[in-house]
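Okay, structure first, notes after.
The values are calculated or read from the model by the stated rules, or taken from the named source; none is laboratory data. Computed from a predicted model, the values in this text were never measured in an experiment. Cβ atoms come from the backbone with ideal geometry, glycine included; neighbour counts cover every protein chain shown.
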Amino acid sequence: MTTGDWDFDNANWVLDSSIYVSAPSSFREDWTAAAPKFFIKTTVVPIANVKEGRVITYLRFARASVADSVTIYLRYQDVNNHYKVLIYGNGTINVIRVKAGVSTTITTGSVTITPATWQNFRFTWWNDYVGLVVRVEHYEGGNWVKKVSPDAYDAENNWKDIGGRVGFRHVASAAFPTWMDDTYIYGVPP
């Protein structure tokens with residue numbers, strides 16, 4: 001993918017040609033006041049709203065801190081209505097529902113983050129008889145390992161019939177950036 005595959009809400013990002021998984025570069029925030037939020041364009045997925053899907057991506061944190069995070073948005077309607085997975089530099093993972101502006105943590109988990117190393121993550125969400133299921137996995141020792149166990153379940157299963165956009169947000173600082181590279185997005189259309 002290229003930068004043209006994304007809709008960015010601000011210009012506070014750069015392509016880093018010195019640190020990456022695959023040449024020629026990786027994505028990182030450029031450490032300005034407003035952290036960048038960006039969503040995959042519909043011509044890439046190629047559907048406007050993903051109701052069930054998977055994101056596989058490499059993330060890299062400069063330090064193990066709750067001050068640094070990467071958000072993965074699922075079924076994003078707007079700033080007040082979406083699901084998200086928050087991964088902090090200290091390894092804390094939160095699966096959150098935001099509905100009518102109210103945030104509810106569905107479940108939490110953790111992963112061991114080694115600063116300044118690439119970490120491969122997989123996020124999968126689907127409809128089940130219990131509602132929405134969100135699975136967070138980390139690639140360890142040649143296997144995908146669940147990091148939120150049991151999986152996150154939300155009986156409300158909001159926006160199941162219409163889906164929503166898939167996107168990201170990075171929060172960090174000049175001294176301690178976060179990076180993202182080799183991102184794959186798969187989706188089932190509504």
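Just to be sure I understand, how many residues within segment 90-142 are assigned to a strand (DSSP E or B), over 16 Å from residue 71 (Cβ atoms) and aromatic (Phe, Trp, Tyr)?
The number of residues fulfilling the criteria is 3.
Can you tell me which residue within segment 72-85, out of those that are surrounded by 19 or more Cβ atoms within 10 Å (Cβ to Cβ) and not charged (D, E, K, R), is nearest to residue 165 (Cα to Cα)? Can you show your working first?
So in segment 72-85, the residues surrounded by 19 or more Cβ atoms within 10 Å (Cβ to Cβ) come out as 72-76, 82-85.
Still in the running and not charged (D, E, K, R): 72-74, 76, 82-83, 85.
Working: 72: 11, 73: 7, 74: 6, 76: 5, 82: 9, 83: 10, 85: 14 Å.
Result: 76.
Tell me, which residue of segment 92-113 that is closer than 18 Å to residue 80 by Cβ and among the polar types (S, T, N, Q) is surrounded by the most Cβ atoms within 10 Å (Cβ to Cβ)?
Step one: list which residues in segment 92-113 are closer than 18 Å to residue 80 by Cβ, which gives 94-106.
Add one more test, that the residue is among the polar types (S, T, N, Q), and what stays is 94, 103-105.
Numbers: 94: 21, 103: 11, 104: 11, 105: 11.
Among them, the one singled out is 94.
Looking at segment 124-140, I want the residues that are under 17 Å from residue 73 (Cβ atoms) and have a partner that is of a type in the set (S, T, N, Q) and part of a strand (DSSP E or B) with Cβ atoms under 7 Å, at least 6 apart or on another chain. Which pairs are those?
Qualifying pairs under 7 Å: 135/124.
Can you name the number of the only condition in (1) touching a Phe, Trp or Tyr at 6+ places or on another chain (Cβ under 8 Å); (2) touching a residue at least 24 places away in the same chain (Cβ under 8 Å); (3) surrounded by fewer than 17 Cβ atoms within 10 Å (Cβ to Cβ) that residue 145 fails?
The failed condition is (2).
Please state which of the following conditions residue 92 fails to meet, knowing it meets all the rest: (1) under 21 Å from residue 145 (Cα atoms); (2) in contact with a Phe, Trp or Tyr (Cβ under 9 Å, 6 or more places away or on another chain).
Among (1) under 21 Å from residue 145 (Cα atoms); (2) in contact with a Phe, Trp or Tyr (Cβ under 9 Å, 6 or more places away or on another chain), residue 92 violates only (2).
Going through segment 143-164 one residue at a time, which ones are outside any loop (DSSP other than H, G, I, E, B), among the hydrophobic types (A, V, I, L, M, F, W, C) and under 14 Å from residue 125 (Cβ atoms)? Walk me through how you get there before you give the answer.
Here is the first cut: in segment 143-164, the ones outside any loop (DSSP other than H, G, I, E, B) are 143-146, 152-154, 164.
Applying the additional criterion that residues be among the hydrophobic types (A, V, I, L, M, F, W, C) yields 144-145, 152.
The answer is 152, and nothing else.
For segment 178-190, what are the residues that are loosely packed, with under 15 Cβ neighbours inside 10 Å and of a type in the set (Ser, Thr, Tyr)? Before you say what the answer is, go through the steps one by one.
The first filter runs over segment 178-190 and keeps only residues loosely packed, with under 15 Cβ neighbours inside 10 Å, leaving 182, 184, 186, 188-189.
The answer is 184, 186.
Here is a yes/no grid of residues against (1) surrounded by fewer than 21 Cβ atoms within 10 Å (Cβ to Cβ); (2) in contact with a Phe, Trp or Tyr (Cβ under 6 Å, 6 or more places away or on another chain); (3) of a type outside the set (Phe, Trp, Tyr):
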site: 132; (1), (2), (3): no, no, yes
site: 156; (1), (2), (3): yes, no, yes
site: 162; (1), (2), (3): yes, no, yes
site: 169; (1), (2), (3): yes, no, yes
site: 176; (1), (2), (3): yes, no, no
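Matching residues to (1) at pLDDT 95 or above; (2) part of a loop (DSSP other than H, G, I, E, B); (3) of a type in the set (Gly, Ala, Ser); (4) more than 26 Å from residue 140 (Cα to Cα):
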site: 7; (1), (2), (3), (4): no, no, no, yes
site: 11; (1), (2), (3), (4): no, yes, yes, yes
site: 33; (1), (2), (3), (4): no, yes, yes, yes
site: 59; (1), (2), (3), (4): yes, no, no, no
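Got a number for residues in segment 47-90 being more than 14 Å from the chain's Cα centre (by Cα) and not β-branched (Val, Ile, Thr)?
Of the residues in segment 47-90, 14 are more than 14 Å from the chain's Cα centre (by Cα) and not β-branched (Val, Ile, Thr).
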